[in-house]
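*Asks:* Below is a structure I'd like to ask you about.
The values are calculated or read from the model by the stated rules, or taken from the named source; none is laboratory data. What you see is a predicted model; the values in this text were computed from it and never measured. Here Cβ is always computed from backbone atoms with ideal geometry, including for glycine, and neighbour counts include all displayed protein chains.
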Amino acid sequence: MADPAGKRIGTKDNTPAVIHTEFAPGDKLEITVAAKGGGSENKSMFAMLNPSDSVADWVVEKVPEMGAGWCPPGMLGVGIGGSAEKAMLLAKKSLMDPIDIADLITRGPADKLEELRLEIYRRVNDLGIGAQGLGGLTTVLDVKVADYPTHAASLPVAVIPNCAATRHLHFTLDGSGPAVLEPPDLAQWPNVRWSADASARRISLDGLTREEMATWKAGERLLLSGKLLTGRDAAHKRICALLDAGQPLPEGVDFRNRVIYYVGPVDPVRREVVGPAGPTTANRMDRFTDTMLGKAGLLAMVGKAERGPEAVAAIRAHRSAYLIAVGGAAFLVSQAIRSSRVVGFGELGMEAVYEFEVRDMPVTVAVSSDGESVHDSGPEAWRGKFAGIPIAVE
């Protein structure tokens, strides 16, 4: 998005890239490309600690503030030292290393940085955050730490998470021609076919009522069928500005007694109805929630990760509900979409308001109409259990 603090207009060609270059002896060019999702990148953290502070304590204190928007379980990259921008780059670059925590546990740490990796790994997993923030033993799959000399008065520390969908590739150019990257042989992976869980409750979105939503329990799995609207940051900003000014919404944009899906779908290719359409982090819409539920007449919302206290309070007050789809599974989620059309703000591109028709779209009740949140109850039930498990690999 160009003009990031203003109009935020798409550049239309996915450029410019953010490029970091290092010069080294030799006659080859080594390139690493990382496609980083906003859900995890937005959870990046930085602090100028005092030299006597504990890096591990700071990381463990801050990880719960990241919530589930980074789609755990994933990796944590930690950069220590240098300057502010150097620490951030160290953290980002460390995420390009392979996952090898099991090897480290088996052989034991060889230096202080490896000891720090293991300490953060154990303590973060002991928080009980778990996959998608719903509680569990595995929050991080690995912790990477990189450092650099720094000023005697400074201790810059950066943490950048990588979600479960680790998207990066490495190749070398030696002047002999283009690099040829062969796609992996899919036959090496099991042929996984998703099918609806027999215990999940099927819900018709067409004619859904608050009385029916009141029967949904936090943690219950649902299969949604029918029509729902979409919208995310840009659309919410416009909608709420119109409603707060007492102006009508554009023709065709009507949220009364409807469900919204926080998504910015990718353009379809070939015979697709829609491209990958995974949920975006819902708490970015928290400040719009009360207006959407009250003035717009919205029934419920679908997104990913937790909602903040402001949004939970609005959900409770309006007897609404918040559902989560699986983050990091955008292509699989799109398979439930049977049709797609733009109904408003078409100039916003992927951030326009669409109407999807879905069939058996799998979601979980994250916040029920009485305000119970599984992102609170889930981790609370698992907190401390990881500490009792011996970390060893046979």
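*Asks:* For the stretch 106-123, which residues satisfy the criterion of being part of a helix (DSSP H, G or I) and modelled with pLDDT of 95 or more?
*Replies:* Scanning the stretch 106-123 gives Lys112, Leu113, Glu114, Glu115, Leu116, Arg117, Leu118, Glu119, Ile120, Tyr121, Arg122, Arg123.
*Asks:* From the list Gly349, Gly327, exactly one residue is at pLDDT below 90, within 23 Å of the chain's Cα centre (by Cα) and surrounded by 17 or more Cβ atoms within 10 Å (Cβ to Cβ). Which is it?
*Replies:* Gly327
*Asks:* Another question about this same structure. Using the structure shown, decide if Ala102 is in a loop (DSSP other than H, G, I, E, B) and of a type in the set (A, V, I, L, M, F, W, C).
*Replies:* In short, no.
*Asks:* Hey, another quick one. Asp126 - would you say it is more than 20 Å from Ser44 (Cα to Cα), crowded, with 17+ Cβ neighbours inside 10 Å and at pLDDT 95 or above?
*Replies:* yes
*Asks:* Okay, moving on. Evaluate the stretch 88-95: report whether one residue or more is under 15 Å from Ala164 (Cα atoms) and touching a residue at least 24 places away in the same chain (Cβ under 8 Å).
*Replies:* Scanning the stretch 88-95, I find at least one residue that is under 15 Å from Ala164 (Cα atoms) and touching a residue at least 24 places away in the same chain (Cβ under 8 Å), so the answer is yes.
*Asks:* Residues Gly308, Gly294, Gly303, Gly275: which one is touching a residue at least 40 places away in the same chain (Cβ under 8 Å), small (Gly, Ala, Ser), surrounded by fewer than 24 Cβ atoms within 10 Å (Cβ to Cβ) and out of contact with any Gly (no Cβ under 6 Å at 6 or more places or on another chain)?
*Replies:* Only one candidate qualifies: Gly275.
*Asks:* Using the structure shown, decide if Gly371 is in a loop (DSSP other than H, G, I, E, B), on the phi > 0 side of the Ramachandran plot and in contact with a helix residue (DSSP H, G or I) (Cβ under 7 Å, 6 or more places away or on another chain).
*Replies:* Yes; evaluated as a whole, the condition is true for this residue.
*Asks:* Same structure, new question: Select from the stretch 185-222 the residues that are farther than 21 Å from Glu355 by Cβ and among the polar types (S, T, N, Q) and write down the one among them that is surrounded by the most Cβ atoms within 10 Å (Cβ to Cβ).
*Replies:* Among those that are farther than 21 Å from Glu355 by Cβ and among the polar types (S, T, N, Q), it is Thr215.
*Asks:* Let me ask something else. Only one of these is touching a strand residue (DSSP E or B) at 6+ places or on another chain (Cβ under 7 Å) and among the aromatic types (Phe, Trp, Tyr): Trp216, Trp194, Trp189. Name it.
*Replies:* Trp216
*Asks:* Given the condition at pLDDT below 95, closer than 29 Å to Gly38 by Cβ and not in a helix (DSSP H, G or I), answer yes or no: does some residue in the stretch 155-163 qualify?
*Replies:* Looking through the stretch 155-163, at least one residue is at pLDDT below 95, closer than 29 Å to Gly38 by Cβ and not in a helix (DSSP H, G or I).
*Asks:* Hey, another quick one. Looking at (1) at pLDDT below 95; (2) more than 16 Å from Ser340 (Cβ to Cβ), which one does Arg256 not meet, given that it meets all the others?
*Replies:* (1)
*Asks:* Mind telling me which of the residues Thr139, Thr150 ends up being on the phi < 0 side of the Ramachandran plot, of a type in the set (Ser, Thr, Tyr), modelled with pLDDT of 95 or more and in contact with a strand residue (DSSP E or B) (Cβ under 7 Å, 6 or more places away or on another chain)?
*Replies:* Just one listed residue meets the conditions, Thr150.
*Asks:* What tally of residues in the stretch 39-73 results from selecting those that are crowded, with 22+ Cβ neighbours inside 10 Å and touching a helix residue (DSSP H, G or I) at 6+ places or on another chain (Cβ under 7 Å)?
*Replies:* Here the count works out to 8.
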